[in-house]
Amino acid sequence: MRKKSNSSFIAFAFLLIMAVIWLVPLLYGLLTSFKSEMELMTAGFRVLPIEWVLTNYTELLLNNTSTPLVKWFLNSLFISVSHTLLVVFVVSFSAFAYSRLAFKGKKFLFSFLLGTMMFPTVVNLIPLYKIVDSLGWVNTPWAMIVPGAAGVFNIFLVKQFMDNIPKDFDEAAQIDGANDWTIFAYIILPLIKPVLLVVSLFSFTGSWNDFLWPSIVFNDIEKMPITPGLQLLQGMYQSQPTLLMAGALIAIIPTFVLYLFAQKHFLQSMSLSSGVKG
């Protein structure tokens, strides 16, 4: 019993330390964003602002001529939502095909698909850019929405979840005259909602936080998403860290709100994803 208590205490202490490591910079950035530039330069190191101001946020949100932060934010929102919907659509159908349908070379094709996960993402950047450029998608949202929609790991995750759903459901439906589409839409799809929620959360945050790829395919300031836009913000206001902090805080709002409201469902989905048995 004492050994178990010690293990629990060590685990709690470790998690507490990790939480502090993650939260302290975030909290400091939040407080800095409410400081004036003059205070930051003259007051020395202070955690709390002497005078709380909103000028950094009003400068970024209202002065759209020099800093199109709102435009970047809306671009990212459109791209991330569209990419997530496309991922769910493509992955659910692909996983159903590999899990439930019988076709020649299925095992070889799936093994080959998994093998592509061994290649680092940076290897694909040049050929992927050439494809996107040939399609005329440079400086368009499609350059971020379509690539990665058929993510191998997402297909693997959903397929493994489907494999644990008893095929007796399919056979019973086939006896009643159901075809593959009916089985997918009315039996499989409702049962895989938990794992699709996990895929959706990961896809949205991955698309929202992506920096390297949008930095390559976007060179039009008005059309780029917020992540590479923040880099330009650093160039515009390199001597004004309070503005940079405000911009960074605005950029993390969607993912923070998403996980805040979806945390309970996310944890339930993770437990269901690992707990379904055939």
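The values are calculated or read from the model by the stated rules, or taken from the named source; none is laboratory data. Values in this document were obtained by computation on a predicted structure and should not be read as measured data. Here the Cβ positions follow ideal geometry from the backbone for every residue, glycine too, while neighbour counts run over all protein chains shown.
What residue, among those in the range 1-55 that are of a type in the set (Phe, Trp, Tyr) and not in a loop (DSSP other than H, G, I, E, B), is modelled with the lowest pLDDT? Don't jump to the end; show me each part of the working.
So in the range 1-55, the residues of a type in the set (Phe, Trp, Tyr) come out as 9, 12, 14, 22, 28, 34, 45, 52.
Next cut, not in a loop (DSSP other than H, G, I, E, B) only: 9, 12, 14, 22, 28.
On the way: Phe9: 79, Phe12: 84, Phe14: 88, Trp22: 85, Tyr28: 87.
Applying the filter and picking the extreme gives Phe9.
Residues to consider are Ser111, Ser94; find the one that is small (Gly, Ala, Ser) and either over 25 Å from the mean Cα position of the chain (by Cα) or not assigned by the TED database to the domain that holds Ser215 (or both).
Values: Ser94 fails: either over 25 Å from the mean Cα position of the chain (by Cα) or not assigned by the TED database to the domain that holds Ser215 (or both).
From the options Ser111, Ser94, the qualifying one is Ser111.
Of all residues in the range 190-212, those satisfying the criterion of being in contact with a helix residue (DSSP H, G or I) (Cβ under 7 Å, 6 or more places away or on another chain), of a type outside the set (Val, Ile, Thr) and part of a helix (DSSP H, G or I) are Pro194, Leu196, Leu197, Ser200, Leu201, Ser203, Phe204, Ser207, Trp208, Asn209.
Looking only at residues in the range 239-278 that are closer than 22 Å to Pro190 by Cβ and not in a helix (DSSP H, G or I), the one that is modelled with the lowest pLDDT is Gly278. Taken over the range 176-188, the criterion of being at pLDDT below 90, on the phi < 0 side of the Ramachandran plot and of a type outside the set (D, E, K, R) is satisfied by Ala178 alone.
Among the residues of the range 218-234 satisfying the criterion of being loosely packed, with under 14 Cβ neighbours inside 10 Å and not aliphatic (A, V, I, L, M), which is nearest to Ile253 (Cα to Cα)? Don't jump to the end; show me each part of the working.
First, the residues of the range 218-234 that are loosely packed, with under 14 Cβ neighbours inside 10 Å: 219-222, 231.
Then drop every residue that is not not aliphatic (A, V, I, L, M), which leaves 219-220, 222, 231.
Values: Asn219: 25, Asp220: 24, Glu222: 21, Gln231: 18 Å.
Ranking the qualifying residues of the range 218-234, first place goes to Gln231.
The C-beta contact set for the range 142-153 (first residue surrounded by 17 or more Cβ atoms within 10 Å (Cβ to Cβ), second residue in a loop (DSSP other than H, G, I, E, B) and among the aliphatic types (A, V, I, L, M), distance under 6 angstrom, 6+ apart or interchain) is empty.
Residue count for the range 237-261 satisfying the condition of being within 26 Å of Ala143 (Cα to Cα) and more than 22 Å from the chain's Cα centre (by Cα): 0.
So, Phe169, is that one in contact (Cβ under 8 Å) with a residue 12 or more places away in the chain and farther than 25 Å from Leu85 by Cα or not? Yes; evaluated as a whole, the condition is true for this residue.
Got at least one residue in the range 107-125 being in contact (Cβ under 8 Å) with a residue 60 or more places away in the chain, within 29 Å of Ile187 (Cβ to Cβ) and not aliphatic (A, V, I, L, M)? No, the conditions are met nowhere in the range 107-125.
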